[in-house]
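Only one structure is covered here, and it is reproduced in the block below.
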Amino acid sequence: MKFLLAAINAKYIHSNPGVYSLRAFARTKIPGADIEIGEYTINHQMDLILQDIYRRKPDFIGFSCYIWNMGMVEELAELLHQLRPEMPIWFGGPEVSYDAAECLQRNHGVTGVLRGEGEESFHELMQYYIGGSGKLQDIRGIIYREDGLLVDNGWREVMDLNKVPFVYEEMED
């Protein structure tokens, strides 16, 4: 299963440590996991970002959400849901953590939201989607849709960030 973590940065020179951190931590738990990072900027044309994501053929996409990219992220999620309605679309980051339920009510194609530090929650989501191990209701730090209702699993406790390896191991990224 291919996971794509997408970040829409404010400028080309910026990097999004959040998506790199999620990938680095997940790979300590699931070595060799197929996790790609797609970094774009708010200056990219929407159709080019959509085209790149579609060509990558992810089975799961997670968007990193900030105040400067939220409009683009919501529009991309809506378009991706129309193109690939079977693909889980998850949001995470500071812009959606505090109002996750309202965010899901606005974005009907979004499967769920990771709240707060997402490393452990993302790893558990991967296990759920890869092998069907575990249940969504057991993953702390997420809110998601189930049978037309929102299910809120509460916040996850603050994690020890010493568990996250150096996020820029692959310097070509």
Next item on the list: Compute the convex hull volume of the Cα atoms of the stretch 1-136, divide it by the residue count, and report the result per residue in Å³ as a whole number.
Entry: 102 Å³
Margin query: Quick one: 3J(HN,Hα) in Hz for the stretch 96-105, Karplus 6.51/-1.76/1.60 with θ = phi - 60°, rounded, Gly and Pro as x.
Written below: 10, 5, 7, 9, 4, 5, 5, 4, 5, 5
Item checked: Under DSSP loop assignment and at most 16 Cβ neighbours within 10 Å, longest GluC sites (Glu not before Pro)-free interval of the chain -> 1-85
Check: Relative to the Cα centre, what is the charge dipole magnitude of the stretch 110-173, using +1 at the beta carbon of each Lys and Arg, -1 at the beta carbon of each Asp and Glu, and rounding to the nearest 20 debye?
Finding: 360 debye
Margin query: Can you compute the modelled spin-label distance between Ala33 and Leu50, with each label point 7 Å from Cα toward Cβ, in nm?
Written below: 2.9 nm
Notebook entry, point to check: Along the charge dipole of the stretch 104-168, Cβ charges K/R +1 and D/E -1, which of Val113, Asn162, Tyr129 sits furthest on the positive end?
Noted result: Val113
Next item on the list: Keeping to pairs on different chains or 8 or more places apart, tell me how many lysine pairs in the chain have Cα atoms under 23 Å apart.
Entry: 5
Next item on the list: Filter the chymotrypsin sites (Phe, Trp or Tyr not before Pro) in the stretch 84-131 down to the DSSP loop ones having no more than 16 other Cβ atoms within 10 Å, then list what survives.
Entry: Tyr98
Next item on the list: Using only protein heavy atoms and a 1.4 Å probe, report how much of His14 is accessible, in Å² to the nearest 10.
Entry: 80 Å²
Check: Among all stretches of the chain without exposed trypsin sites (Lys or Arg not before Pro) (DSSP loop, at most 10 other Cβ atoms within 10 Å), which one is longest?
Finding: 12-134
Check: Under a point spin-label approximation (7 Å from Cα along Cα-to-Cβ), what is the Val158-Lys135 distance to one decimal in nm?
Finding: 3.1 nm
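The values are calculated or read from the model by the stated rules, or taken from the named source; none is laboratory data. Just so we're clear, the structure is a prediction, and the values are computed from it rather than from any experiment. For neighbour counting, all protein chains shown are included, and Cβ atoms are generated from backbone atoms with ideal geometry for every residue, glycine included. Accessible surface is based on the protein model in full, side chains and every heavy atom, while ligands, DNA and RNA are left aside. Shrake-Rupley method; radii C 1.70, N 1.55, O 1.52, S 1.80 Å.
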